[in-house]
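Report on the structure given below.
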Amino acid sequence: MFKLLDGSQTLGRGPTFWSCFLVVLAAALIYPVFADSYDVGNFSYFFIWIFMALGLCLMWGYGGMLSFGQTLFFGISGYAYGVLAINMGGGSTTIVALVLSIIIAMIAAGILGYFMIWGGISGIFFGIVTLSATLVLAFFLGQTAGPEWRIGSARLNGFNGMKGMDPLAIGDFYIEGVALYYVMVALIVIVYLALRMLVNSRIGNVIVATRENPQRAEMLGYDVRKYQLLTFTIGSGLAGLSGALYTSWGQFITPSSIGLPAAAMPIVWVAFSGRSDLTATLVGSFLLLFGFQTITVYSQQAALVLMGALLLATVMLAPQGFVLGVGKLVADRWSARRQRSSKLALADTSRLQPDET
Amino acid sequence: MALVDVKGVTKRFGGLTAVSDVDLTVNVGEVHCLIGPNGAGKSTLFKLIVGLYPPTRGTILFDSIDITEERPFARVQRGMSIKMQAPSVFKELPVRQNIQIALQKRLSGAKRVVEEDRLLELLNLAPDSGKLAGALSHGQQQWLEIGMALALQPQLLLLDEPTAGMSPEETFRTGELIQSLNAEGMTVLVVEHDMAFVRQIAQRVTVLHLGKIFARGSLEAIIQDEKVAEIYLGKTHVH
């Protein structure tokens, strides 16, 4: 199992990396002890989006499929959570609503993915079709203001969005504040480690082979369409997890969280971070979300312009991603220093030997 | 007994007929060479056999089973394996991982690592196993792709110009490799231009010209054929 966590498909390996991982995890776990509840709540909000970014990293960076549809599945799952939580009642049923809404998003991804992949859509057209589907859903939900647009007791409410659903709860205990923060940290650790294992497994090997050369992968006996569909479904399902958590966190969801500006965000996070690595995506997306939120307090427009500028800068200056580039630089320097010091130690030892004999 | 039986296959691309009403039989355990001038339809016929192109007309049997409608991966699973004309490897992945991806369907754990090492030694790629495949020379990429094709342990090995970009020594070694694989029972179908290489390995030869079968038989019979010499071999080459 540890071999899969530490495999060649993921950067950041060995005792040094895992020590850093444990230090960061420990810091995240003790953070609520020192921080005020507002900051803890903000961090929970940032964590919501990380799943969507990791899903896109899997599809785009590892699978070579640029999906513009992360907010499509975010929206499907977010609205599904709302409809289910309102109709099923509160309490522990919200957990069932969360799981079901992710399953619904994955089924939707499976259907859309099947028609695209079996229809031979790839490359830029994959992005165009997923973006089109995203915009269709956003426009559709925008015109559902009338009272006739309801599912059971849940009104869709057009641009004003759906509200009134309960947050996640176990019995009478609402998972909010610090509890939500810890649930988020646990989910991120589970998803991150599971994805590391996936990409370093045999399936991961075929996923990257399909990105590199789908014809050769098929010529080795793999039905590449199945692997692409699996990648797309998992990646979109993670967007669904973000969507359901978002609705439960804010107890509302609107079509603007699906539309074009929202749909572009995961692309910016993952491109800036470095799409070919899960750790870079995790760290970079968190930093960007943190920065975006900080600037949004002063001006939302300025934050959006900055995101656009960052995407441009990434494409022109660091197409592999800034965070990944910096990470590789640090790793190279570190290993070069270690090699130098071990050579020096060796030289010292050899100088000592003649004296000893 | 026929392993591959191509019956009346035609392939048209718009107004161009690349392969026209071709019948080709490759018997179990033989090394069969497909020769012909550029544009004769050799690579197209290969791609039809392996399923990269659907034929416009005709049927293809593999081990007496009609595979005409099957996708390439299903044909590979039946026991065929191909090395394409231009090196087709996973360029952004290390050499060892290329081999690993080809092997992992058949072997796992320590057995797979042993087989990886054996293939890398056989291909003279062991010192470069950590390099990205795209950083290898053209000839080495050819070797790597041959290795990936061999990793599947196919019944039928299809090699499209396997020696392009190789030195004479490497070409000879490739010939020896094919002969040893054939001695172990593997059926090999080769498209090749290098007549010295064809002489080294061929048991039967089929000549394609303008998308049609022009001649077939033993290499000696083909070399004696004046018409073949005229269209392709060039009389000066035939001795």
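Worth pointing out:
- Charge context of A:Thr93, other residues only, Cβ under 13 angstrom, K/R +1, D/E -1: -2
- Taken residue by residue and averaged, Cβ atoms of other chains lying within 10 Å of the Cβ of B:88-98 number 4.
- Shielding of peptide B:192-201 by partners, expressed as the average count of other chain Cβ atoms within 10 Å per residue Cβ, is 0.
- Cα Rg, Dmax, the range B:95-153, angstrom units: 10.3, 31
- Shielding by partners for peptide A:222-230, expressed as the average number of C-beta atoms from other protein chains within 10 Å of each residue's C-beta, is 2.
- Averaging Cα coordinates gives a centre for the range A:245-290 and one for the range B:51-122; these two points are 38 Å apart.
- Counting every C-alpha pair in the range A:85-223, the share spaced more than 28 angstrom apart comes to 43%.
- For the range A:144-219, the average shadow cast by the Cα convex hull is 10.0 nm², which is a quarter of the hull's surface.
- Structural size metrics of chain A, computed from C-alpha coordinates, are Rg and Dmax of 22.5, 95 Å.
- Ratio of Rg to Rh for the range B:110-198: 0.95 [Cα atoms; Kirkwood radius as inverse mean 1/r over pairs].
- Packing here is the average count of other Cβ atoms within 10 Å per residue, and on that basis the peptides A:259-265, A:220-226, A:76-82, B:59-65, highest first, run A:76-82, A:220-226, A:259-265, B:59-65.
- Taking the Kirkwood radius as Rh and the Cα radius of gyration as Rg, the protein assembly as shown has a ratio of Rg/Rh equal to 1.07.
- Euclidean distance between Cα centres, the range A:47-61 to the range B:131-210, Å: 43 Å
- Dipole moment magnitude, nearest 20 debye, the range A:2-349 about Cα centre, only Lys, Arg, Asp, Glu C-beta charged: 920 debye
- Each Lys and Arg adds +1 at its Cβ and each Asp and Glu adds -1 at its Cβ; summed about the Cα centre, the range B:40-138 shows a dipole of about 100 debye.
- Cβ-based net charge around A:Tyr181, under 14 Å, with every Lys or Arg adding one and every Asp or Glu removing one: -3
- HN-Hα J in Hz across the range B:159-175 - Karplus 6.51, -1.76, 1.60, θ = phi - 60°, x for Gly and Pro: 10, 9, 6, x, 9, 4, x, 9, 6, x, 5, 5, 4, 4, 5, 4, x
- Hydrophobic, long helices, defined as DSSP H runs whose alpha-carbon span along the helix axis is 18 Å or greater and whose mean Kyte-Doolittle value is at least 0.5, occur in chain A at A:14-34, A:37-56, A:70-88, A:93-118, A:124-142, A:177-199, A:260-273, A:278-298, A:300-317.
- Mean Cβ neighbour count within 10 Å, used as a protection proxy, ranking A:194-204, B:41-51 highest first: B:41-51, A:194-204
- The angle separating the long axis of helix B:138-151 from the principal Cα axis of greatest extent in chain B is about 80 degrees.
- Highest average packing first - B:75-85, A:10-20, Cβ atoms within 10 Å: B:75-85, A:10-20
- For the listed residue pairs B:Lys47/B:Lys111; A:Lys3/A:Lys328; A:Lys226/B:Lys131; B:Lys47/B:Lys91; A:Lys3/B:Lys131; A:Lys328/B:Lys105, the alpha carbons are over 25 angstrom apart in B:Lys47/B:Lys111; A:Lys226/B:Lys131; A:Lys328/B:Lys105.
Just so you know, all these numbers are worked out from the coordinates, no wet-lab data involved. Predicted model, so just to flag it, every value in this text is computed and none were measured. Using ideal geometry, Cβ is built from the backbone for each residue, glycine included, and neighbour counts are taken over all protein chains shown.
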